[in-house]
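Student: I'd like to ask some things about the structure below.
The values are calculated or read from the model by the stated rules, or taken from the named source; none is laboratory data. Here the structure is a predicted model, which means the values were calculated and not measured. Because the Cβ atoms are built from the backbone with ideal geometry, glycine has one as well, and the counts that use them run over all protein chains shown. Note: accessible area is taken over every heavy atom of the protein model, side chains too, but ligands, DNA and RNA are not part of it. Shrake-Rupley method; radii C 1.70, N 1.55, O 1.52, S 1.80 Å.
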Amino acid sequence: MNTSEEDLARAAAGGDAAAFGALLERRYDSLFGLAFRLTGSRAEAEDLTQDICAALPAKLAAFRGEARFGTWLYRVAVNAAHDRRRRQATASKAAEGWGDWELARQAEMAETAAQVDWLTAAMRALPDDLRDTLALVLDDMSHREAGEVLGIGEGTVSWRVSEARKHLRALRATEDQR
């Protein structure tokens, strides 16, 4: 039997552990893929995906079925990524002024980031709104669906994708000239 994700979500919200397990089985890989594109780091994506999965049972109570489950889940993921970025920015500000140790740590983090493949590094250079939009579209979402997840219009999604492409082309051109 092929139960819809929406029906599974409603059952899981009611405490059905098997329905919750079926949802995770269907969506874990795509959720991790989105988390990777949102964060640009495997370790960060693993942490973000685990955070989302841990919070999901409580969040399912808010699922009303007005949107497809996948769209709703991606909205949860984008919100979680935004929250994580805010926490990291706060921690980074708190770490300012720690002297040589912090400078060495920051240099090590930059070196590690330089080892990530080109597209991931390029996406990390994009503004958050462009990165989030491009990550959703690269995950085979239509512009309409990405707009639903982000709470913006389809035309805005198209514009953001166009802007992201311009940024990526400019970055590639700069690297090719070196």
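Student: Which of the following residues is in a helix (DSSP H, G or I) and exposed (fewer than 13 other Cβ atoms within 10 Å of the Cβ): Gly70, Gly33, Gly21?
Tutor: Checking each option against the conditions leaves just Gly21.
Student: Right, next: Filter the stretch 131-156 down to residues that are part of a loop (DSSP other than H, G, I, E, B) and at pLDDT 90 or above and give me whichever is surrounded by the most Cβ atoms within 10 Å (Cβ to Cβ).
Tutor: Result: Met141.
Student: Another question, then. Could you count how many residues in the stretch 36-52 are open to solvent by 20 Å² or more (accessible area, probe 1.4 Å) and in a helix (DSSP H, G or I)?
Tutor: Adding up the residues that qualify gives 10.
Student: So the check is Cβ under 9 Å with 6+ separation or different chains; which pairs have a first residue in the stretch 71-90 that's in contact (Cβ under 8 Å) with a residue 60 or more places away in the chain and within 17 Å of Glu148 (Cα to Cα) and a second one that's polar (S, T, N, Q) and open to solvent by less than 60 Å² (accessible area, probe 1.4 Å)?
Tutor: Correct list of pairs: Tyr74/Ser30.
Student: In addition: Condition first: at pLDDT below 90, touching a His at 6+ places or on another chain (Cβ under 9 Å) and either open to solvent by 40 Å² or more (accessible area, probe 1.4 Å) or hydroxyl-bearing (Ser, Thr, Tyr) (or both). Now tell me which residues in the stretch 114-130 satisfy that.
Tutor: If the condition is that a residue be at pLDDT below 90, touching a His at 6+ places or on another chain (Cβ under 9 Å) and either open to solvent by 40 Å² or more (accessible area, probe 1.4 Å) or hydroxyl-bearing (Ser, Thr, Tyr) (or both), then Ala125 is the only one that fits.
Student: Checking the structure you have, find out if any residue of the stretch 16-37 is at pLDDT below 90 and among the small types (Gly, Ala, Ser).
Tutor: no
Student: Go through the stretch 53-67 and report how many residues are of a type outside the set (A, V, I, L, M, F, W, C) and open to solvent by less than 10 Å² (accessible area, probe 1.4 Å).
Tutor: So the answer is 0.
Student: If Leu8 meets every condition in (1) touching a Lys or Arg at 6+ places or on another chain (Cβ under 9 Å); (2) open to solvent by less than 40 Å² (accessible area, probe 1.4 Å); (3) at pLDDT 90 or above; (4) within 21 Å of Val137 (Cβ to Cβ) apart from one, which number is that one?
Tutor: (4)
Student: Moving on. Quick one: in the stretch 157-178, which of the residues that are surrounded by 10 or more Cβ atoms within 10 Å (Cβ to Cβ) and of a type in the set (A, V, I, L, M) is nearest to Ala80 (Cα to Cα)?
Tutor: Val157
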